[in-house]
1. Run down His68, His46, His62 and say which single residue is under 28 Å from Leu171 (Cβ atoms) and either assigned to a loop (DSSP other than H, G, I, E, B) or modelled with pLDDT of 95 or more (or both).
2. Do the conditions hold for Gln229, that is, is it of a type in the set (S, T, N, Q) and modelled with pLDDT of 95 or more?
3. Can you spot a residue in region 276-288 that is more than 17 Å from Phe201 (Cβ to Cβ), without any contact (Cβ under 8 Å) to a residue 60 or more places away in the chain and crowded, with 16+ Cβ neighbours inside 10 Å?
4. So, in region 140-160, of the ones that are free of Cβ contacts under 8 Å to residues at least 60 places away in the same chain and within 20 Å of the chain's Cα centre (by Cα), which residue ends up most open to solvent (accessible area, probe 1.4 Å)?
5. When the residues of region 250-275 are filtered to those that are in a loop (DSSP other than H, G, I, E, B) and in contact with a Leu (Cβ under 8 Å, 6 or more places away or on another chain), which remaining residue is surrounded by the most Cβ atoms within 10 Å (Cβ to Cβ)?
6. Which of (1) in a strand (DSSP E or B); (2) in contact with a Ser or Thr (Cβ under 9 Å, 6 or more places away or on another chain); (3) more than 24 Å from Glu287 (Cβ to Cβ); (4) not hydrophobic (A, V, I, L, M, F, W, C) is the odd one out, the single condition Arg162 does not satisfy?
7. Could you check Gly109 against (1) part of a strand (DSSP E or B); (2) under 20 Å from the mean Cα position of the chain (by Cα) and say which number it fails?
8. Check region 66-80 and report whether any residue there is open to solvent by less than 20 Å² (accessible area, probe 1.4 Å) and in contact with a Gly (Cβ under 7 Å, 6 or more places away or on another chain).
Amino acid sequence: MKSPLLSLPGAVPAEGVDEGVAAHYGDLFREQRALADGAGFVDLSHRGVVTVTGADRLSWLHLLLTQHVSELPAGRATEALILSANGHIEHALYLVDDGETMWAHVEPGTQDALIAYLESMKFFYRVEVADRTADFAVVHLPAGSIAAVPDGAAVRETPHGRDVFLPRADLSSYAEAHGPAAGLLAYEALRVEHHVPRLAFETDHRTIPHELGWIGSAVHLQKGCYRGQETVARVQNLGKPPRRLVFLHLDGSDVHLPVHGTPLHLAADGPEGRKLGFVTTSVRHHELGPIALALIKRNVPVDAELLAGETAAAQETVVEP
C-alpha cells in the first residue's frame, strides 16, 4: 500500500520489501539525529497489521507462539516467533494486547501467510483472526518522544520507542501535527546500531532463534509446547547454534556499502578466501559511519578481522560463540 506521506517534500520512495513508504525525506543524517533525540516519527504503514479477538485469544496464541502470552497484561509490549517443525524462523510478530484485542505488526507482505497458518490452527477455540492492514497503519515514535497518541489507539511501548496502531485515514493529519517525518533508512540505521534483527534480513530459510539473540526477548524457555520447541530446547541445553549475529564497523573509505548477502572472509585470506558468513543489513550511521549486521560461523574468532566482499570490517560480538 502506497503511503500518502510519499507526497511530503523531499520524499524518496523505499525499494524492495519496504516499497510504499519513504526511504528518506532528503537528509538522512538529520533524520537520524532527530530520532536519536526523540523527535519526529517514522512511517511504517507498509507493515502488515493482524488482530486476534475472542475470549480464548491469549491461551490460544500461547500454544502457537514462542513467547509466554497466556497471562500477558494489557498494554505490555512483547514479541514472538512462529517456527517450523525443525525450529527455523517463519514469522516474527510484534505484539500488544489492549484487553480485548491482540494487535500485531509483521513484515510487509507476510500477513497473508501468517493468517493462513493461524486460521488452520483455530479448531474449537473462540478466536477471530483479521487482516487490518487496510484500516490501520503503524507509526513509530522514538524513545523520548513526547508526541501525543490518539485516544484509544493500541500502543507498543519498548525501550526503543512506541509503535502506534493508527487509523490509516488519520495518517496524513498525524504527520502534520507530529512531524518532522524520518524515513526508513534512518529507522534502519538505529535498528542496526541497537543490534535488533529483522525477519528476512537477518534470517534465511535455516535460521534458528539462538543465532540472532532472540532467546529471551522473543522466545520464552519456560513455557509449554509449541511447534519447533524441540530444536530450541536441544540447542539451548545440549549444543550451540551453527552461526551467530555480529555487528560490523565497515571501512568508511569505500563509496558503496556491501549489500545483503555479501560474503564474509578472513581479512588474512583475502576476498577469495573461505566464506564464513554474509552481511545481512548495512547502513550509514550519523555518528558511527558505515555499519552492518552479519551472520557468521560460530567458531570464527571474536577478534578476527574480516572482509565484507572487499571492504574491511571489524566485528563486535552480539551473540556469544
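The values are calculated or read from the model by the stated rules, or taken from the named source; none is laboratory data. Because the structure is a prediction, the values reported are computed rather than measured. Counting neighbours? That spans all protein chains shown, and the Cβs are built from the backbone with ideal geometry, glycine included. Ligands, DNA and RNA are stripped out before the accessible areas are found, and what is left, the full protein with its side chains, is counted by its heavy atoms. Shrake-Rupley method; radii C 1.70, N 1.55, O 1.52, S 1.80 Å.
1. Among His68, His46, His62, only His46 is under 28 Å from Leu171 (Cβ atoms) and either assigned to a loop (DSSP other than H, G, I, E, B) or modelled with pLDDT of 95 or more (or both).
2. Considered against the rule, which asks whether it is of a type in the set (S, T, N, Q) and modelled with pLDDT of 95 or more, Gln229 comes out as yes.
3. Looking for residues that are more than 17 Å from Phe201 (Cβ to Cβ), without any contact (Cβ under 8 Å) to a residue 60 or more places away in the chain and crowded, with 16+ Cβ neighbours inside 10 Å, one finds at least one in region 276-288, hence yes.
4. Step by step, filter region 140-160, then rank; the result is Pro159.
5. By that ranking, first place goes to Pro258.
6. Of everything listed in (1) in a strand (DSSP E or B); (2) in contact with a Ser or Thr (Cβ under 9 Å, 6 or more places away or on another chain); (3) more than 24 Å from Glu287 (Cβ to Cβ); (4) not hydrophobic (A, V, I, L, M, F, W, C), Arg162 misses just condition (3).
7. With respect to (1) part of a strand (DSSP E or B); (2) under 20 Å from the mean Cα position of the chain (by Cα), Gly109 is out only on (1).
8. Checking region 66-80: not a single residue is open to solvent by less than 20 Å² (accessible area, probe 1.4 Å) and in contact with a Gly (Cβ under 7 Å, 6 or more places away or on another chain).
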